[in-house]
Amino acid sequence: MKAAIIVTYLVVVTGIGILARRRAQKGATDFFLAGRSIGPVLLLLTMAATNFSAFTVFGFAGAGYRFGYAYYPIMGFGTGFMALTFLFIGIPVWQAGLRLGAVSPPELIWLRFRNRPLRAAYLLVMIVFTLPYLAIQPMGAGYALEGLLGIPYVWGAVAVTLVVVGYVLLGGMRGVVWTDALQGLLMLGAMAAVFFGLAKALAGFETANARVFSEAPELFSRPGGAAQFTLGIWFSYMVLWFLCDPMFPQLFQRFLAAKSERSLRLTALLYPLVTGVLFFLPVAVGVMGRLIVPGLEGKATDQVLPLAVAKTLPAWMGAIAIGAGLTALMSTMDSQLLTLGSMFSRDVRQLAAPRGHRFVHRRLVVAVLALVGLVLALRPVATILQIATEAFTGLAVLFPVTVAGIYWKRTNPWAGLASILVGEGLVVLYHYKLLPTFGLLPVIPVVLAAGLVLVFGSLVWPARGLEPLAEAPRAAWRWVMIFGIVFALGIDFWNWGRAQLSWLGLPGWVWYHFGLCLLVSVLIGLYFLVQRRQRAV
């Protein structure tokens, strides 16, 4: 029964790719951006599904198992707060992409600065640090199918990779968006079903929490299990999501694919609510997994969700659990493949071989990239969380030059190039543990150094004859202060060490961060109202 459900799901998403192919038109803009036609609802669903990967389902559950509820706020609120970048990066990027005809993120950087070395560096960073994150997706597929169907890890990873490549090649961005919409809804429903199923099997969620609390109270306080989340690490993760998520090439490209500014506004408004709810579920599953599958360590903790379901729930629930993981990883993998394909077929071609490439080569590039990701996944070197965090830091280095390129007229492209080189050099040094972290994640000193290099170089040698992509909104400093206060509230140091259980057996600070997610959405809505009134004046 489990196998039949999974096979049916894979056939359905392949069928969606076939349907999307019938709507396809010739040209890179249609294949990679769906003709810039993604409306508000589809953009919200595809943006969420794309960002919620195998890392979200398996990595979050593993982190919940290891660290407890301390992992939830930095993901739920931290990622929800990142929705602000949909406004000050996403909207101007959409406007500039429409005006300039950009299809890929490095191409937009080229059209802004007209500097080939900067474009090449920007491109290289996106490729190098997306490939490890791409490898996480077949890793998750292997874990899911092995844990619940007994399929060997390698064959599970291979099977899902083949399906994803198939519907990406058939439908392009349109097929990816349509499957993402289905996968996003299925993922939310599947994760909710797994959460409630495990809670019921353990005599209720509150009872399960009380039992875990009696055995491992550190999972209900901060710094959490293994004393992981000190204040410095907590602050660093909050900043990391804000800096790196909009630099994911698969998310960045969706800014270019939006149909209108309204599409991006609705996504920004609802995104914190979606993350606030969805990100809680796998973390809670990981905590409850302590009672079902005790004794897991290291990389094995990333398998807690399928193992707990297989040990506790009926066969059909096992299929639902597989579905949650597969929808998450496939909705990210397809987008990563498509975006990397766009960069190879446009940016690499224009940098290295301006002539001679035809449309079919875009599909060949997608297939080769999928193979590379699969090979990397066959021998995982660390936990999903460890792989993701390092990849995210490398992408975050691009944040200063991207924001400066959007708003700062004086930005010197050579200073932007220097900032990338310095930032990535520091990433390498931190990888080999050659520099002190000062109690923070490396992303903080790395991006700070990259930003200082960019600002210093642009002040000393300001660019001339180049125009920014957008102007800062009126009274922007007021909104920076307001949202800065909300961000500071997320660093709730006064709750450290508090492990008292409240409603449903959750720590009170978990409910506090649910409230902060809601507050971010309310303030984004208020920002829209103010902007509308200012435009009407």
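Just a few scattered comments:
- Computed 3J(HN,Hα) for the stretch 179-187, one whole-Hz value per residue from the Karplus formula 6.51 cos²θ - 1.76 cosθ + 1.60 where θ = phi - 60°, is 5, 4, 4, 5, 5, x, 5, 5, 5, glycine and proline marked x.
- Per-bin percent of Cα-Cα distances, the stretch 419-521 [5 Å]: 2, 9, 11, 11, 14, 15, 15, 12, 6, 3, 1, 1, 0
- Formal net charge of residues neighbouring LEU266 (Cβ-Cβ distance under 15 Å; K, R +1; D, E -1): +4
- Helical content alone sets the calculated 222 nm signal of the chain at -24000 deg cm²/dmol, taking -39,500 (n - 2.57) per DSSP H segment of four or more residues and averaging over every residue.
- Relative exposure of GLU206, GLU107, GLU467, judged by other C-beta atoms within 10 Å (fewest first): GLU467, GLU206, GLU107
- Label-point separation, ALA203 to ARG535 (7 Å along Cα→Cβ), nm: 5.7
- The label-point distance for LEU185 and ALA3, in a model that sets each label 7 Å from Cα toward Cβ, rounds to 3.0 nm.
- Estimated distance in nm for a label pair at LEU111 and VAL375, the labels positioned 7 Å out from Cα along Cα-to-Cβ: 3.4
- Modelled FRET efficiency - R0 30 Å, TRP511 with VAL12, Cβ distances, 0.05 increments: 0.20
- The phi torsions of the stretch 449-457, fed into the Karplus equation with coefficients 6.51, -1.76 and 1.60 and a -60° offset, translate into couplings of 5, 4, x, 5, 4, 5, 5, 4, x Hz, rounded to whole numbers, with Gly and Pro shown as x.
- Around ARG474: net Lys/Arg minus Asp/Glu count, Cβ-Cβ under 15 Å: +3
- Local net charge near GLY68, Cβ-Cβ under 11 Å (Lys/Arg +1, Asp/Glu -1): +2
- Quotient of C-alpha Rg and 2.2 N^0.38 Å, computed over the stretch 210-362: 1.40
- Sequence-ordered 3J(HN,Hα) estimates for the stretch 267-275 from the Karplus curve with 6.51, -1.76 and 1.60 and θ = phi - 60° stand at 4, 4, 5, 8, 4, x, 5, 5, 5 Hz, glycine and proline given as x.
- Rg to Rh, two decimals, where the stretch 135-280 supplies the alpha carbon set and Rh follows Kirkwood: 1.01
- Subtracting the Cα-Cα distance of LEU124 and SER260 from 0.36 nm times their residue separation leaves 46.0 nm of extension gain.
- For the pair the stretch 276-346 / the stretch 434-502, the C-alpha centres are spaced 31 Å from each other.
Taken together, the values in this text are just the output of simple stated rules run on the coordinates, not laboratory data. Keep in mind the model is a prediction, meaning the values are calculated, not measured. Reconstructed Cβ throughout: ideal geometry from the backbone, glycine too, with neighbour counts over all protein chains shown.
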